[in-house]
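A quick write-up on the structure given underneath.
The values are calculated or read from the model by the stated rules, or taken from the named source; none is laboratory data. Note that the coordinates shown come from a computational prediction; the quantities given were computed from them, not determined experimentally. Positions of Cβ are backbone-derived with ideal geometry, glycine not excepted, and every protein chain shown enters the neighbour counts. All accessible areas refer to the heavy atoms of the entire protein, side chains included, with ligands and DNA or RNA removed. Shrake-Rupley method; radii C 1.70, N 1.55, O 1.52, S 1.80 Å.
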Amino acid sequence: MATWTALTHAQGRAAAEALAEACEDMLTPEPVGSGVFEIEDGSDRWEVGVYFTESPDEITLALLAAAHGAQPFAVSELPEVDWVAHVRRELTPVEAGRFFVHGAHDADRVPEGAEALCIEAAMAFGTGHHDTTRGCLLALDRMLTAGETPQRVADIGCGTAVLAMAAARVLPGLVLASDIDPVAVETAQANVLANGLDGRVECVMAEGFSHPLLHDAGPYELIFANILKQPLIDLAPEMARHLAPGGRAILSGILTGQADDVAAAYAAAGVPLIRRDDLGDWATLVVGRPAEG
């Protein structure tokens, strides 16, 4: 089946969401879906994508874009591709310290002694190939090498739960994983089962620490939050409340140019920066609540 995409940029989330909603309501042929995504360069620009199985009405698209102050839509027809097969060819295993993240098609390549995490190609978002996820895994690896063994662990905004599963592989306690997206939670649960970690990782849908299970299980000795700059800043006071004295948080999803703002927000909340590492365009921050006494 052929697929057409129409992509544009709008200034601000509200304008982008309004444009996406208008496309869903007013276009013929009707789109099969739409999405709004922040362009992570600090400009507050948002990408609007609309998807079709028939060639869209480009005149109406142009009028809708103009009415919402967006750039003209760029319309293109995508070739028919077996995307899972394509990703399998491109998705090579990733090593991050003791961790080895791979697809099922590379299960025979796991090095002896590695902590293996299998994320299937059809669930490629959050596999560990993105430098934000890899940075978090490397930070966890360094903690373990230093002899730190946190008992109470949470993964906020878990995506495919690769970080929660990594912690469960090497630490003794139950790891709690949460996401605001129900599809992400379902994917995380499937990955937990596929990796034999049922009963070691529990996945819930929640914003921040709002779920009773997350709230009651704290304070945490280790929290992962691999999300985006503004949600991380908004989360800082709540993160501070849910970190145990001496606890650490590993933060990513942050462009290198955004890292100082995030670190400043956490320092203001009483959780100062301990270490920063940059991989490509992305920064990983380890922040910590001071130990009592």
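Quick notes on this structure:
- Of all residues in the stretch 223-244 being within 15 Å of the chain's Cα centre (by Cα) and of a type outside the set (A, V, I, L, M), the one that is nearest to R134 (Cα to Cα): N226
- Restricting the stretch 38-63 to residues that are of a type in the set (D, E, K, R) and within 15 Å of L7 (Cβ to Cβ) leaves a set whose member that is modelled with the lowest pLDDT is E38.
- Residues of the stretch 223-241 that are outside any helix (DSSP H, G or I), among the β-branched types (V, I, T) and either without any contact (Cβ under 8 Å) to a residue 40 or more places away in the chain or open to solvent by less than 40 Å² (accessible area, probe 1.4 Å) (or both): I223 alone.
- The stretch 163-183, residues that are part of a helix (DSSP H, G or I) and either touching a residue at least 40 places away in the same chain (Cβ under 8 Å) or among the polar types (S, T, N, Q) (or both): L163, A164, M165, A166, A167, R169, V170
- Considering the conditions (1) more than 17 Å from the chain's Cα centre (by Cα); (2) open to solvent by 10 Å² or more (accessible area, probe 1.4 Å), W282 is excluded by exactly one of them, (1).
- Across the stretch 25-75, the qualifying residues are those that are in contact (Cβ under 8 Å) with a residue 60 or more places away in the chain and assigned to a loop (DSSP other than H, G, I, E, B), and the one among them that is surrounded by the most Cβ atoms within 10 Å (Cβ to Cβ) is F73.
- Of residues in the stretch 128-162 being part of a helix (DSSP H, G or I), among the hydrophobic types (A, V, I, L, M, F, W, C) and farther than 16 Å from I254 by Cα, the one modelled with the lowest pLDDT: V162
- Search result, residues across the stretch 180-218 that are open to solvent by less than 60 Å² (accessible area, probe 1.4 Å) and either in contact with a Gly (Cβ under 6 Å, 6 or more places away or on another chain) or on the phi > 0 side of the Ramachandran plot (or both): A184, G199, G208
- Failed condition for Q258, given (1) buried (at least 20 other Cβ atoms within 10 Å of the Cβ); (2) under 15 Å from the mean Cα position of the chain (by Cα): (2)
- Residue check: A15 meets all listed conditions (1) within 30 Å of T256 (Cβ to Cβ); (2) part of a loop (DSSP other than H, G, I, E, B); (3) at pLDDT 90 or above but one, namely (2).
- Qualifying residue in the stretch 91-99 (condition: modelled with pLDDT of 70 or more and of a type in the set (S, T, N, Q)): no
- Residues that are at pLDDT 80 or above and either aromatic (F, W, Y) or in a helix (DSSP H, G or I) (or both) within the stretch 100-127 comprise just one, F100.
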